[in-house]
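Below: one structure, written as structure tokens.
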Amino acid sequence: MADIRNTPSQGHSQTVNKITERLSLFLGGSYSADTLTRDNSKKPLHERLYARIAAVESRRQRNIEAIAQAAYESADEVASDPDKGQANEDWLARFIDLAQDVASAEMQQVWGHVLACEIAAPGSASVQMLDALTAMVAADLDLLEKVGRIRFPTGYLLKISGRNEFEEFGISEQQIAHLQSLGLVQDANDLSVTFYAPTKGITFDFKGADLIARHPTSQLFVLPAFRLTGIGNEIMPLVADLPVDMDYLKALGQDFKSRGYDYRIRDATGALIEFV
């Protein structure tokens, strides 16, 4: 008997045939517009139910095993902290419950890395962070990498010229709004961060380089910025712990210069890269 799960229904549109293909894959049976509307299925309802459950759980098992494999692959990159004991069983149960429906290979790699981090050092990833991760898709990883390259370690995205986007670094205003909808960036576009510098100078220690700024008279640095949420600050080191974009740092320095600051940029070795 032919398997109609991959056989297009005659006389139906391409969209109908695509629905048939995907339903048959996910529901574990031979579905089509004809069998549903005419109730021509040869199998009783309970058999179709069991087939669907088997298909769903088989798919989930494959997802879990792929994520477990990703955790093993990530293990050598993660430092273990023996003082933190064992990963919490409730956390692990919640992780499995959420991770079992992650089918994207890219996202499975992320979930595997998160699992390795939590087992190596319990407390690295909260349940709330897992909930946020479920709302993300593979395209969000590219965006988070771009954010990771301009993020100040205390959780701010320092704006350039007060703009609500970082277009030249691949982050649009719409993408900022998307990060806000994911709960990773605070839903406010008019925030500022204030730094007190009694010596009239301050060092912004980004990952991989420092921006040293000094003002001839002012001891306060009031800078417009986006602020990451607690979940955003938690998730970024796990998925986008990257060195700062040097072009961003130079652009930020030029913005400081336009407001009367002198600045210098030094790399991780202390070598002077740029100064004004």
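Screening the candidates L184, L220, L179 for the property of being closer than 21 Å to S161 by Cβ, surrounded by 15 or more Cβ atoms within 10 Å (Cβ to Cβ) and not aromatic (F, W, Y) yields one hit, L179. Reported count of residues in segment 87-118, each being part of a loop (DSSP other than H, G, I, E, B) and acidic (D, E), is 1. Among residues of segment 85-107 that are within 11 Å of T134 (Cα to Cα), those with a Cβ under 7 angstrom from a residue that is of a type in the set (K, R) and surrounded by 12 or more Cβ atoms within 10 Å (Cβ to Cβ), sequence gap 6+ or separate chain, pair up as Q100/R60; D101/R60.
For segment 236-246, the criterion of being in contact with a strand residue (DSSP E or B) (Cβ under 6 Å, 6 or more places away or on another chain) and at pLDDT 95 or above is met by at least one residue.
When you check D241 against the structure, is it in a strand (DSSP E or B) and charged (D, E, K, R), yes or no? When the stated conditions are applied, D241 does not pass them. Restricting S172, S181, S192, S161 to those that are touching a strand residue (DSSP E or B) at 6+ places or on another chain (Cβ under 7 Å), among the small types (G, A, S) and assigned by TED's automatic domain parsing to the domain that holds G232 reduces the list to S192.
Residues in segment 64-95 that are among the aliphatic types (A, V, I, L, M) and modelled with pLDDT under 90: A75, V78, A79, A87.
Selection over segment 198-223 of residues that are part of a strand (DSSP E or B) and either in contact with a Cys (Cβ under 6 Å, 6 or more places away or on another chain) or free of Cβ contacts under 8 Å to residues at least 24 places away in the same chain (or both) gives a count of 3.
The sole residue among A120, A132, A116 that is in contact (Cβ under 8 Å) with a residue 12 or more places away in the chain, among the aliphatic types (A, V, I, L, M) and farther than 15 Å from A68 by Cβ is A132.
The values are calculated or read from the model by the stated rules, or taken from the named source; none is laboratory data. These figures come from a predicted structure and were not determined experimentally. Glycine also receives a Cβ, built like all others from the backbone with ideal geometry; neighbour counts cover every protein chain displayed.
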